[in-house]
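Before any comments, here is the structure.
The values are calculated or read from the model by the stated rules, or taken from the named source; none is laboratory data. Note that the structure is a prediction, hence the values are computed from the model and not measured. Cβ placement follows ideal geometry from the backbone for every residue including glycine, while neighbour counts extend to all protein chains displayed.
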Amino acid sequence: MSHDIKSAERPAPDPVLTAIADYALSHEITSSLAYETAAYCLMDTLACGFQALSFPACTKLLGPVVPGATLTGGARVPGTSYELDPINAAFNIGAMVRWLDFNDTWLAAEWGHPSDNLGGILAVADYLSRGGKPVKVRDVLTAMIKAHEIQGVLALENSFNRVGLDHVLLVRVASTAVVTAMLGGTREQIINAVSNAWVDGGALRTYRHAPNTGSRKSWAAGDATSRAVRHALFALKGEMGYPSALSAKTWGFQDVLFKGRTLALPQPFGSYVMENILFKISFPAEFHAQTAVEAAMTLHPQIRDRLGEIERVTIETQEPGVRIIDKTGPLANPADRDHCIQYMVAIPLLFGRLNASDYEDEVAYDPRVDALRAKMRVTENPTFTQEYYAADKRYIGNAVQVFFTDGTSSPRVAVDYPIGHRKRRAEGMPVLVRKFEASIGAHFAAKQCESIKQAFADPDALAGMAVSDFVAKMVSAR
C-alpha cells in the first residue's frame, strides 16, 4: 500500500468494499435456477430452526435479552411467539438455524453455512413488512442469493480458519451488506456498514476445536448476523465508515488478522454460490463427514450382527476432514460429538441412524460407542482432497471399511459427494421436502402445518406473498 501512514487524508474505499456494496445495491439476479434453489434453501433453513426448538440448550438463549424487552409489531421469530427488535430477532433466528449443524454448507478455501444469513434477512424483512413496506418473499430470496454469493465468493480463495478466525465473520460481512440495502441504504452507507463489519475482526475458532469444542459454535452465526443488523441500522443513522478497513497499513484487517495477505475476489459476484450450494439433507452432521455417515449407513445391515467381532474400522477422508473432525479421547458435549468423524461413523454403524438426539448424553454414554471409536483409524485420501478443492467437482469424499477378527472384512464403501450436492439434486430435493414436512409436523398443529406447506406449494404465489403474511403462518404459542 502506498498511502502515507502519517497522512490523515482519507483514501478511496477498498475495492472489496465497493464491489460488495455495488453488488448488494444494484446487481439484478436473473437466474431462475438461483431463485428455485433459494426457495428450497428457505424451506430447508426454516426446517433446521424448527427442529432446534426441541432442544432446551437452544431455546434457553432465545427471546428477549432481558425479560420483558419485547417489541410489539417488531420482527417475529418463526416457531415461537416472540416479537423482538430486528437485532435480537436476527440472533434468535440465526441461533435456531445453526443449532443442530443441519443447514446448508459451502466448501472452498474457507467453508461456512450461507443460510446463516437468513437470521438478519428474515428479521429485517418482517420488521419492514410489518411497518408497511411492500416487502415480498421474493425480496427475501433475492437477499439470500446475494448473501450466499458474497459469503461464498469471499470463501473461494481466502482461508480465514487457517489464521485461526471463525468463518462466521463472512456471515457478518454478507448480512451487513444485504440488510443495509434492504433497509434502503445508499452505496456510501453500505460501504460504511460493511467496513465496520470488517473492523469487528473475527471470532476465534477456539470453540470449534478440541479441547474446547462447545455450544458457542451453535450460536456464533446468530451473533454474527445480529451484529450485521446493528451495523446496518447505525449506518442509516449516519454513522461513519472506515474506507481502508481492509488495506490500512499496520491497523487494517489484512495486516492485523490476515498475515499481510490481500483479500482475493477471484470472480465477479453473480448467483454461482446459490446455484451450487450443498444441502445437509439426511444427517445433522458436520459436512466433511456427510458421506462417511452415508457409507456407514450402507454398511450397518452387513455388520450389525458382527459388532463383537470388529477388529478395526478404517475411515478415509479429505484433508479438512482430518484437520477438523478427526478427534480422539472423551467427548464432553453434543457440540464436541457432532465435530468428531469417529462418533458420526460409530452411531450409524451401531444403530443404523444418525439423528440430532444421537449427540445427547443418553446415546453417547452407551459404552459401545466409545469402544467402537477406539477401533477407528482416520487417514487422508489424496484423491478425496484433490476433488474437494477442484472447482468443477467440489466433492466431499469419504470411504469406510470394517475389518473383523477372523481376517474377513466388509466391502469398502466410498461416497464421493452427498445427497445434498448439486449433482444429486433430483434425488435430494424430495428428501429435503420430507425433512421440512417432518420438521413442521413435529412442531405445529395439523391445521397450521398444512397452511405452511401450502405456502411453499406454489413458487410464484410464495414469491409474491408479503413477508408479514408469510411469517405469520409460522407464529407459535410455544
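Looking only at region 59-75, count how many residues are among the small types (Gly, Ala, Ser) and more than 18 Å from ASP126 (Cβ to Cβ). Please lay out each step first, then the result.
Step one: filter region 59-75 for residues among the small types (Gly, Ala, Ser), giving 63, 68-69, 73-75.
Imposing the further condition that a residue be more than 18 Å from ASP126 (Cβ to Cβ) reduces the set to 68.
So the answer is 1.
Is it true that LYS327 is basic (Lys, Arg) and within 30 Å of ALA143 (Cα to Cα)?
Answer is no for this residue.
With respect to PHE279, determine if the residue is out of contact with any helix residue (DSSP H, G or I) (no Cβ under 9 Å at 6 or more places or on another chain) and either without any contact (Cβ under 8 Å) to a residue 24 or more places away in the chain or surrounded by 20 or more Cβ atoms within 10 Å (Cβ to Cβ) (or both).
Against the criterion (out of contact with any helix residue (DSSP H, G or I) (no Cβ under 9 Å at 6 or more places or on another chain) and either without any contact (Cβ under 8 Å) to a residue 24 or more places away in the chain or surrounded by 20 or more Cβ atoms within 10 Å (Cβ to Cβ) (or both)), PHE279 does not qualify.
If the Cβ limit is 8 Å and pairs must be 6+ apart or interchain, which residue in region 179-191 that is farther than 8 Å from LEU236 by Cα pairs with which residue that is of a type in the set (A, V, I, L, M) and outside any helix (DSSP H, G or I)?
Close Cβ pairs satisfying both conditions: MET182/VAL135.
From LEU156, LEU118, LEU100, grab the single residue that is part of a helix (DSSP H, G or I) and either more than 22 Å from LEU62 (Cβ to Cβ) or at pLDDT below 95 (or both).
Step by step, each of LEU156, LEU118, LEU100 is checked, and only LEU156 is part of a helix (DSSP H, G or I) and either more than 22 Å from LEU62 (Cβ to Cβ) or at pLDDT below 95 (or both).
For LEU307, work out the one condition from (1) touching a residue at least 40 places away in the same chain (Cβ under 8 Å); (2) on the phi > 0 side of the Ramachandran plot it doesn't fulfil.
Here LEU307 meets the rest and fails (2).
Can you pull out every residue in region 47-56 that is of a type in the set (Gly, Ala, Ser) and either surrounded by fewer than 21 Cβ atoms within 10 Å (Cβ to Cβ) or out of contact with any Asp or Glu (no Cβ under 9 Å at 6 or more places or on another chain) (or both)? Spell out the reasoning first.
Filtering region 47-56 for residues of a type in the set (Gly, Ala, Ser) gives 47, 49, 52, 54.
Within region 47-56, GLY49, ALA52, SER54 qualify.
Mind checking which residues of region 330-355 are within 19 Å of the chain's Cα centre (by Cα) and not in a loop (DSSP other than H, G, I, E, B)?
Residues satisfying the conditions are PRO334, ALA335, ASP336, ARG337, ILE341, MET344.
Tell me which of these ARG304 doesn't satisfy, since it passes every other one: (1) closer than 24 Å to PHE102 by Cβ; (2) at pLDDT 95 or above.
Among (1) closer than 24 Å to PHE102 by Cβ; (2) at pLDDT 95 or above, the lone unmet condition for ARG304 is (1).
When residues of region 17-46 are filtered for being surrounded by fewer than 24 Cβ atoms within 10 Å (Cβ to Cβ) and either on the phi > 0 side of the Ramachandran plot or part of a helix (DSSP H, G or I) (or both), how many remain?
Count: 14.
On the basis of being hydrophobic (A, V, I, L, M, F, W, C) and touching a Pro at 6+ places or on another chain (Cβ under 9 Å), does ALA289 make the cut?
For ALA289, the condition - hydrophobic (A, V, I, L, M, F, W, C) and touching a Pro at 6+ places or on another chain (Cβ under 9 Å) - is not met.
For region 282-319, give me each residue that is over 13 Å from ALA414 (Cβ atoms), small (Gly, Ala, Ser), part of a helix (DSSP H, G or I) and out of contact with any helix residue (DSSP H, G or I) (no Cβ under 6 Å at 6 or more places or on another chain).
Correct list: GLY308 only.
Counting just the residues of region 1-16 that are of a type in the set (A, V, I, L, M) and modelled with pLDDT of 95 or more, which one comes out surrounded by the fewest Cβ atoms within 10 Å (Cβ to Cβ)?
It comes out as ALA12.
Working carefully through the options TYR365, TYR343, find the one that is under 18 Å from HIS300 (Cβ atoms) and either aliphatic (A, V, I, L, M) or modelled with pLDDT of 95 or more (or both).
Answer to the check: TYR343.
Can you say whether LEU71 is surrounded by fewer than 24 Cβ atoms within 10 Å (Cβ to Cβ), assigned to a helix (DSSP H, G or I) and over 21 Å from the mean Cα position of the chain (by Cα), as far as the supplied structure shows?
no
State yes or no: is SER244 more than 25 Å from GLU28 (Cβ to Cβ), part of a loop (DSSP other than H, G, I, E, B) and touching a His at 6+ places or on another chain (Cβ under 8 Å)?
yes
This table checks each residue for (1) part of a helix (DSSP H, G or I); (2) touching a His at 6+ places or on another chain (Cβ under 8 Å).
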| position | (1), (2) |
| --- | --- |
| LYS146 | yes, yes |
| ARG162 | yes, no |
| ALA197 | yes, yes |
| LYS217 | yes, yes |
| GLY222 | yes, no |
| MET240 | no, no |
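Restricting attention to region 409-425, and to residues there that are surrounded by fewer than 19 Cβ atoms within 10 Å (Cβ to Cβ) and under 18 Å from ALA391 (Cβ atoms), which single residue is modelled with the highest pLDDT?
Going through the qualifying residues, I end up with ASP416.
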